[in-house]
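A short write-up of the structure that comes next.
Bear in mind that the values in this text are calculations on the coordinates, not laboratory data. Quick caveat, the model's predicted, so the values are computed rather than measured. FYI the Cβ positions are ideal-geometry reconstructions off the backbone, even for glycines, and counts take in every protein chain you see.
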Amino acid sequence: MDTRKILVWFRNDLRLHDNEMLVEAIAKSDRILPVYIFDPDFSGTEVSDGNHAGPCRQRFLLESVQALRESFQRFQGDLLIVSGQPEICIPELVEQYDIAEVYHHREVSNKETADSSSVEDHLWKLKVNLRHFIGHTLYNKEDLPFPIKDIPDVFGQFKKKTERDAMVKECLAVPEKISFVEVESWGEMPAIPECPEEIIHGGEAAGIMKLEEMLRADSPVHAKINRSQAGKSDFSTHLSPYLATGCLSPRKVYWAIKNTLEGKAATPVLSAILQGLLLRDFFRFMLKKHGVNFYTEKLEHLQAESDPQVYVQLLENWKTGKTGHVIVDGFMRNLNKSGQISNAGRILVATYLVHVLKISWIEGVLYFEQKLLDYSPASNWGNWANIASGAVEPKAKNLYDLDKQLKMLNLEAQV
Ligand SMILES: Cc1cc2nc3c(=O)[nH]c(=O)nc-3n(C[C@H](O)[C@H](O)[C@H](O)COP(=O)(O)OP(=O)(O)OC[C@H]3O[C@@H](n4cnc5c(N)ncnc54)[C@H](O)[C@@H]3O)c2cc1C
């Protein structure tokens, strides 16, 4: 009797909970082959549009992939680890293991959508289908009250209509049983690089633990935010690296908060997180709607420091935390050590780079790509573009005034 096998290609979806792609693959096959592909460029030092990660981000990702491996091992299976170009590796695996279909999650960034198209083209030659799933957002695009092309470009309008007219789906449970394709060697994980500082640990279980910790009323996050106004404080729940790698699904975070509230109104910290989840969706939908050229073309004429030598030195000072501005330098040094920086810290250092030093915002995008544990193309490009737009959109100007930001954070005395 024929055995139907499905290859499940994991990327930024490193979890068993709320994973429609995995649930469907198990339901539609006799056996699955879960695969993670390391891009040989991912640990490269060259900064470009590619997926380049510094040691902290590499470490967090490797721990998250390893955790997924161990989850599958508890089901008497494993995660196949491969290194190479997806369009080469996947068709080879399809032929080697006689795979009937390949499942993966749809992405929005240039690199990842190009990878998907290329894999799809190569599979087409083998007459094998690449099935796309949506699993990165709180709202699936078909649940929104507008088609992608009509999504408002203003977050406030998107939020108002979406919260009024769309529903967040329930989370899917962790599968109870998984049957795996027989594999002789499941492959070796790349070595985990040294990090200058102890960073938070990656993985689904670590993410769920962080979420549960954050929801406890005595958590330090609550104490910090409740002393000041929501969204205006330098606080962090540290959920974003787990959301960026897919160790946590946004719906899991949403429903955990809603269940904790039991119908009561959200506290400032919880409504700030719910708003963050919606912003995250918004930037993904904006990238899908416009592509990255939308931002780069609109903002390419920003005033920039004209002396190339000065430009390079100013940029280097910013990256290494040696600008002489105590607060900016503190945030940048911490980012370099730990891969983490609060939202308020990001706005501050980005404002300083773009509006004070007059350096191209793209330099900031690329540097954050290397350093951030939670790097995610849509959120990174979207937030940087917003800050850069302060120079061209008068309404945004106030928001990106450095002195006002320091005042809001009660940090002006330290400068
Ligand atoms: C210049 C700049 C670059 C940024 N780059 C990234 C990035 O690469 N990846 C990333 O995940 N976030 C990015 N952000 C958004 C935001 O700073 C982080 O998501 C936030 O600091 C994460 O902290 P948290 O987990 O405590 O957030 P919480 O307050 O707990 O919010 C819950 C979740 O909502 C999402 N979220 C919150 N605020 C935003 C926002 N402004 N935009 C998008 N999503 C948001 C995050 O996934 C976050 O984990 C950037 C912001 C700026 C100003």
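Structure data summary
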{"read-out": "Region 86-180, relative contact order [Cα under 8 Å, separation at least 6], %", "value": "24"}
{"read-out": "Straight-distance crosslink candidates among lysines, where the alpha carbon sits under 23 Å from residue 358 and sequence neighbours closer than 8 are dropped", "value": "298, 319, 322, 371, 395, 397, 404, 407"}
{"read-out": "Candidates 29, 306, 360: whichever shows maximal mean-square fluctuation once the chain is modelled as a Gaussian network with Cα springs under 10 Å", "value": "306"}
{"read-out": "Given charges at Cβ of Lys, Arg, Asp, Glu: the chain dipole, positive-most of 25, 313, 7", "value": "313"}
{"read-out": "Modelled FRET efficiency - R0 41 Å, residue 160 with residue 337, Cβ distances, 0.05 increments", "value": "0.55"}
{"read-out": "Folded to 0 to 90 degrees: helix 55-73 orientation relative to the chain principal axis, Cα", "value": "30"}
{"read-out": "Residue 167/residue 307 FRET efficiency (R0 60 Å; Cβ-Cβ; nearest 0.05)", "value": "0.65"}
{"read-out": "Segment residue 217-residue 404, extension gain: residue separation times 0.36 nm, minus the distance between their alpha carbons", "value": "64.2 nm"}
{"read-out": "Net dipole in debye of region 293-414 [+1 Lys, Arg Cβ; -1 Asp, Glu Cβ; about Cα centre; nearest 20]", "value": "320"}
{"read-out": "Within straight-line cross-link reach of residue 125, lysines at Cα separation under 25 Å, skipping those fewer than 8 residues along the same chain", "value": "5, 28, 111"}
{"read-out": "Nearest-ten-degree value, helix 86-97 long axis tilted from longest Cα axis of the chain", "value": "20"}
{"read-out": "Pair residue 296, residue 184: separation of 7 Å Cα→Cβ label points (nm)", "value": "4.4"}
{"read-out": "Long-range amide H partners of residue 131 with built H, under 5 Å", "value": "102, 103, 104"}
{"read-out": "Extension gain (nm, one decimal) between residue 271 and residue 83, 0.36 nm per residue minus Cα-Cα", "value": "63.6 nm"}
{"read-out": "Model label zone, residue 141; criterion: amide N under 20 Å from point 7 Å along Cα-to-beta-carbon; scope region 158-199", "value": "158-159, 161-163, 165-169"}
{"read-out": "65, 23 arranged by Cβ crowding within 10 Å, fewest neighbours leading", "value": "23, 65"}
{"read-out": "Contour excess over end-to-end distance, with Cα ends at residue 322 and residue 118 and 0.36 nm allotted per residue", "value": "69.2 nm"}
{"read-out": "Ranked list, fewest to most other Cβ atoms within 10 Å of each Cβ, for 179, 240", "value": "179, 240"}
{"read-out": "Highest-fluctuation residue, 107, 63, 170 considered, GNM on the chain with Cα pairs under 10 Å", "value": "170"}
{"read-out": "Proximal charge balance of residue 335 [Cβ under 9 Å; K/R count +1, D/E count -1]", "value": "+4"}
{"read-out": "Rounded to 10°, Cα long-axis angle of helix 377-388 versus longest principal axis of the chain", "value": "10"}
{"read-out": "Residues of region 62-94 with amide N under 19 Å of a point placed 7 Å along Cα→Cβ from residue 30", "value": "77-78, 94"}
{"read-out": "The chain: relative contact order as a whole-number percent, Cα under 8 Å and 6+ apart", "value": "20"}
{"read-out": "Listed residues 362, 265, 334: farthest to the positive end of the dipole of the chain (Cβ charges)", "value": "265"}
{"read-out": "Cα shape, region 5-135, gyration tensor, a/c 1.5 rule", "value": "oblate"}
{"read-out": "Cβ-Cβ FRET estimate between residue 261 and residue 148, R0 fixed at 30 Å, reported to 0.05", "value": "0.50"}
{"read-out": "For the chain, built as a Gaussian network whose Cα springs stay under 10 Å, the top-fluctuating residue of 386, 129, 259", "value": "259"}
